[in-house]
Amino acid sequence: MEQATHATTPTASSDRALYELAQDVSRRLVAEVTVMPNGVRVGRELSDRYDVHLYFGAGLDAGRGVLQIADATDATVTRDDQHDSEGHVTSVWLEVRALVRGVAVYAYGLMHPAEADELLQPPPTEDTAAESATEVTQPLPTVSTGPADVVIPAITPVTPLATKAQEQEAGE
């Protein structure tokens with residue numbers, strides 16, 4: 001009986017090819033963005049395929065990095081609001097999930113709710129910009145009309161002209 005001197009796995013070369021494909025996808029995506037991710041991970045967990053995780057950290061730049069990956073992969077950005085025990089939004093995860101050349105790509109970043117609102121606000125279109133330029137608005141009052149701001153003029157006694165003329169004639 002002949003004994004094998006090394007392990008023969010028919011999937012070793014295909015595993016290496018899948019891993020190298022995922023590495024190539026990650027390198028190309030990083031080359032396409034101006035915001036560098038804090039971390040890039042190529043791995044596999046519950047699948048026989050490798051995936052790419054791009055973590056952009058926290059803050060406004062992190063959100064910009066996620067948006068750039070969304071543009072590069074033609075994917076949609078999802079927003080996941082994180083709430084405290086009272087139900088207030090305390091932070092926001094922005095995430096992109098895409099499939100690039102058969103490799104699952106995940107890009108994500110954490111930010112303040114106001115930063116996420118700013119980034120996800122749709123840019124004005126030419127039609128809305130033209131409408132707002134020609135839109136008629138009501139004038140805003142430049143004077144306050146609160147009760148404390150009302151000035152009551154001093155009351156000046158009014159003397160009829162006939163009485164004044166009589167006083168002048170009597171004085172002469």
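Net charge of the neighbourhood of residue 22, taken over other residues with C-beta under 14 Å away and scored Lys/Arg +1, Asp/Glu -1, is +1. Hey, if you drop one equal point scatterer on each alpha-carbon of region 1-125 and run the Debye formula without solvent, what base-10 log of I(q)/I(0) do you get at q = 0.16, 0.18 Å⁻¹? Debye output, listed in q order: -0.79, -0.93. Taking all protein chains together and a 1.4 Å probe, the residues 91, 13, 26 rank 13, 91, 26 from largest to smallest accessible area. Compared with the direct C-alpha span, the chain from residue 23 to residue 78 gains 17.4 nm at full extension, assuming 0.36 nm per residue. Looking at region 53-107 alone, DSSP beta bridges between its own residues are antiparallel in about 85 percent of cases.
Heavy-atom accessible area, probed at 1.4 angstrom with all protein chains present, ranks 45, 115 as 45, 115, highest first.
The shape of region 19-58 comes out oblate: with a ≥ b ≥ c from the C-alpha gyration tensor, a/c is at least 1.5 while a/b does not beat b/c.
Computed over neighbours whose Cβ is under 11 Å from that of residue 63, the net charge equals -3, Lys and Arg +1, Asp and Glu -1.
The values are calculated or read from the model by the stated rules, or taken from the named source; none is laboratory data. Fair warning: this is a prediction, and the values are worked out from it, not measured in the lab. Every residue, glycine as well, gets a Cβ built from its backbone with ideal geometry; the counts of neighbours run over all protein chains shown. What goes into the accessible areas is simple: the full protein's heavy atoms, side chains included, and nothing from ligands, DNA or RNA. Shrake-Rupley method; radii C 1.70, N 1.55, O 1.52, S 1.80 Å.
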